[in-house]
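Dropping a structure here in structure tokens format, bear with me for questions.
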Amino acid sequence: STSENPILDLSLFKSRNFTIGIVSITCAYLFYSGAIVLMPQLLQETMGYNAIWAGLAYAPIGIMPLLISPLIGRYGNKIDMRLLVTFSFLMYAVCYYWRSVTFMPTIDFTGIILPQFFQGSAVACFFLPLTTISFSGLPDNKFANASSMSNFFRTLSGSVGTSLTMTLWGRRESLHHSQLTATIDQFNPVFNSSSQIMDKYYGSLSGVLNEINNEITQQSLSISANEIFRMAAIAFILLTVLVWFAKPPFTAKGVG
């Protein structure tokens with residue numbers, strides 16, 4: 001019956017480690033998936049990258065997991081899983097903060113891929129250790145339900161994270177755009193002198209205003225994206241604290 005075999009077995013949340021693991025995975029994946037979608041869009045909107053170059057700029061995040069994941073699978077049982085997750089979350093925080101203080105429309109390709117490369121080490125120490133923490137202490141007959149629950153919340157948080165990130169990005173861009181344009185008028189001497197110089201290249205005031213508007217839009221998109229990256233950095237620091245409420249030992253026969 002469904003009472004004995006529910007679709008979502010909420011009794012799993014009686015386990016402290018499962019609750020902490022699921023909350024950590026859900027919150028972390030919310031910000032992680034949002035950033036996955038945001039970064040390529042940001043590159044295309046502010047720097048004129050096409051889809052291929054935006055993908056190439058994001059691709060270095062996959063290098064470190066190829067090198068580190070086999071080592072974690074082999075030697076991870078000799079390390080406190082909380083240490084691995086802490087390293088992962090702190091690396092996420094560092095890389096997102098790094099991104100927030102360095103990204104601008106004039107950044108070069110190297111400046112884009114370096115945070116991505118180092119963030120790969122965080123990805124490698126993320127899923128397996130947190131899954132092991134979540135499953136630790138559960139009886140064998142609960143592993144299937146626990147796996148379904150974990151996948152459900154991870155998929156849900158990924159969808160929600162993507163939607164929230166793109167919505168927040170758009171709304172913050174509108175706010176910053178209005179703030180930056182508030183001082184663009186005929187009484188601003190900087191605007192007047194700049195428009196006179198630009199008029200020589202664009203031939204009309206409308207061309208000058210269009211170019212200024214495009215520049216303001218690029219800056220607004222960058223500022224709002226950097227705010228989201230800083231928010232993600234703070235969230236991962238807070239999640240680092242949560243992980244240490246999990247109770248060892250961390251052994252899960254169903255993980256591997």
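Readers should treat all values here as calculations from the given coordinates under stated rules, not as data from a laboratory. Given the structure is predicted, the values throughout are model-derived calculations rather than measurements. Glycine gets a Cβ as well: all are built from the backbone with ideal geometry, and neighbour counts include every protein chain shown.
Could you give the Stokes-Einstein D for the range 102-250 in µm² per second, using the C-alpha Kirkwood radius, 20 °C, 1.002 mPa s? Kindly include the intermediate steps, with their values, before the conclusion.
Numbers: Rh = 19.8 Å.
Here the translational diffusion coefficient equals 108 µm²/s.
Rank the residues Arg99, Arg16, Arg82 as a footprinting-exposure proxy: fewest other Cβ atoms within 10 Å of their Cβ go first. Don't jump to the answer; show the numbers that get you there.
Details: Arg99 26, Arg16 13, Arg82 20.
Lowest to highest Cβ neighbour count: Arg16, Arg82, Arg99.
Here's something else I'd like to know. Which of the following values of Rg/Rh (Cα atoms, Kirkwood Rh) was calculated from the structure shown: (i) 1.03; (ii) 1.11; (iii) 0.96?
Label (ii) holds the value from this structure.
Could you give the size of the charge dipole of the chain about its Cα centre, using +1 on the Cβ of each K and R and -1 on the Cβ of each D and E, expressed in debye and rounded to the nearest 20?
Here the chain has a charge dipole of around 1060 debye.
Now for a separate question. List Leu43, Leu156 from most exposed to least, where exposure is judged by having the fewest other Cβ atoms within 10 Å. Please list the in-between numbers first.
On the way: Leu43 24, Leu156 13.
Ordered by Cβ neighbours within 10 Å, fewest first: Leu156, Leu43.
What does the convex hull of the Cα atoms of the range 52-98 come to per residue, in Å³, rounded to a whole number? Provide the component values of the computation, followed by the final result.
Working: hull volume 3.3 nm³, N = 47.
Enclosed volume per residue, from the Cα hull, is 70 Å³.
Just to be sure I understand the rule: take each whole DSSP H helix in the chain, project its Cα atoms onto its long axis, keep it if the span is 18 Å or more and its mean Kyte-Doolittle hydropathy is at least -1.0. Which ones pass? All intermediate terms of the calculation are to be shown ahead of the outcome.
Working: long enough: 16-47 (46 Å, 0.93); 63-75 (19 Å, 1.28); 81-102 (31 Å, 0.95); 109-124 (23 Å, 1.13); 143-181 (56 Å, -0.18); 189-202 (19 Å, -0.54); 205-243 (57 Å, 0.93).
Correct list, ordered by number: 16-47, 63-75, 81-102, 109-124, 143-181, 189-202, 205-243.
What shape does the range 98-190 have by the C-alpha gyration tensor, where a ≥ b ≥ c are the square roots of the eigenvalues, rounded means a/c under 1.5, and otherwise prolate means a/b greater than b/c and oblate the rest?
Working: a/c = 5.36, a/b = 2.23, b/c = 2.40.
Note, shape of the range 98-190 comes out oblate.
In addition: Rank these for me by crowding, Ser159, Ser121, going from fewest to most other beta carbons within 10 Å. Write out the running numbers ahead of the final one.
Details: Ser159 12, Ser121 20.
Arranged by neighbour count, lowest to highest, Ser159, Ser121 become Ser159, Ser121.
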